[in-house]
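Remarks on the structure that follows.
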Number of protein chains: 2
Amino acid sequence: MNPTYESLKQELLNQDIKLSHQRLKILEFMASNVIHPTVDQVYQALHHEIPTLSKTTVYNTLNLFVEVGLCITLATEENEIRYDIHTFPHGHFKCKKCNQVYNVDIDSHAFTSKDLAHFEIHHQEVFYKGICEKCLLIQKL
Amino acid sequence: MNPTYESLKQELLNQDIKLSHQRLKILEFMASNVIHPTVDQVYQALHHEIPTLSKTTVYNTLNLFVEVGLCITLATEENEIRYDIHTFPHGHFKCKKCNQVYNVDIDSHAFTSKDLAHFEIHHQEVFYKGICEKCLLIQKL
DNA sequence: TTTCTTGTTTGTAATCATTACAGTCAATAT
DNA sequence: ATATTGACTGTAATGATTACAAACAAGAAA
């Protein structure tokens, strides 16, 4: 379902993007941690392993991935941008308790609205907020 | 369809919120300009009429309206928060050319997902991006 | 009217995410 | 070995938002 690290690497090569150490590490993190991280989360996860890593590089790299279509951005209401390597159409659910962002399968046919009949739609996003199953169970204890 | 200024005023009274001059002006602006404005847009629109108006007051007031359920917030990808007095479930479309945000009627039943069967959903938002009809016509000229 | 109390507004300063920029570094080609 | 190109880094700048304390307004009590 998720794209593999190898296929993503190939995609970068196809687009003539150099596979630098930093880029590969960030790509690897995104591919194996589908948690819709913020730039800071990526930086925190990697700067022990790459002590010279700069947060600017994380910004540059993730924005590059967005440009070439490897990632999409996700604006939660908390004024922070999250990056998602999961690029096929799907929705998101953010838990108000634990702040985790879940992927949600959506029937994309449900997306059409007659209000948009003459509009050109490039991107669509469905976003839910509430309490996730895990946190609901904890509440009941 | 949209709530009226008068009904919104009544709603504030019901919730024991004082009807100060600033609050009423901001409320009036939100009710008559359903353009999903940013804080800055509200401030720019009103500070000529209320020269002492502070941007902090606009923030405080709009966040108060959100707390009591008169407004909702809308996170566009540009790292800015917009405020919408239109509280019943609906979607949004943001034009990449003119940056205008349109309301879109949505059949909300279409968006239930089996992935969320045991989740508690408080809020749902459907967001489209692309080019609006107006800008498409201009392009063709 | 005066005083008191409560809550609102204001302006400045602080915070936080993001971007700009210029210098440094690394890899590859010549 | 040198030159060129592009990537990386760190600092500074920006812009939205929040924190905070002082000033202010309105109504209640004296």
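The values are calculated or read from the model by the stated rules, or taken from the named source; none is laboratory data. All values derive from a computational prediction rather than experimental measurement. Virtual Cβ from ideal backbone geometry, glycine too; neighbours counted across all protein chains shown. Heavy atoms of the whole protein, side chains included, go into the accessibility calculation; ligands, DNA and RNA do not. Shrake-Rupley method; radii C 1.70, N 1.55, O 1.52, S 1.80 Å.
Brief remarks follow.
- Residue match in segment A:90-108 (condition: part of a loop (DSSP other than H, G, I, E, B), at pLDDT 90 or above and either within 8 Å of chain B (Cβ to nearest Cβ) or within 14 Å of DNA strand D (Cβ to nearest atom) (or both)): no
- Selection from segment B:97-119 of residues that are in contact with a strand residue (DSSP E or B) (Cβ under 6 Å, 6 or more places away or on another chain) and open to solvent by 80 Å² or more (accessible area, probe 1.4 Å): B:LYS97
- Of the residues making up segment A:66-87, those that are over 11 Å from the mean Cα position of the chain (by Cα) and either farther than 17 Å from A:LEU27 by Cα or within 10 Å of another protein chain (Cβ to nearest Cβ) (or both) number 5.
- Selected residue (only one of B:ASP115, B:ASP84 is of a type outside the set (Val, Ile, Thr) and free of Cβ contacts under 8 Å to residues at least 40 places away in the same chain): B:ASP115
- Single residue of segment B:1-33 satisfying the filter (in a loop (DSSP other than H, G, I, E, B) and open to solvent by less than 60 Å² (accessible area, probe 1.4 Å)) that is nearest to DNA strand C (Cβ to nearest atom): B:SER20
- Qualifying positions in segment B:60-81 - closer than 20 Å to A:ALA75 by Cα and either assigned to a strand (DSSP E or B) or in contact (Cβ under 8 Å) with a residue 24 or more places away in the chain (or both): B:LEU62, B:CYS71, B:ILE72, B:THR73, B:LEU74, B:ALA75, B:THR76, B:GLU77, B:GLU80, B:ILE81
- Failed condition for B:HIS36, given (1) within 11 Å of DNA strand C (Cβ to nearest atom); (2) open to solvent by less than 30 Å² (accessible area, probe 1.4 Å); (3) within 14 Å of another protein chain (Cβ to nearest Cβ): (1)
- Output for segment B:1-59, where each listed residue is in contact (Cβ under 8 Å) with a residue 40 or more places away in the chain, within 15 Å of DNA strand D (Cβ to nearest atom) and of a type in the set (S, T, N, Q): B:THR38
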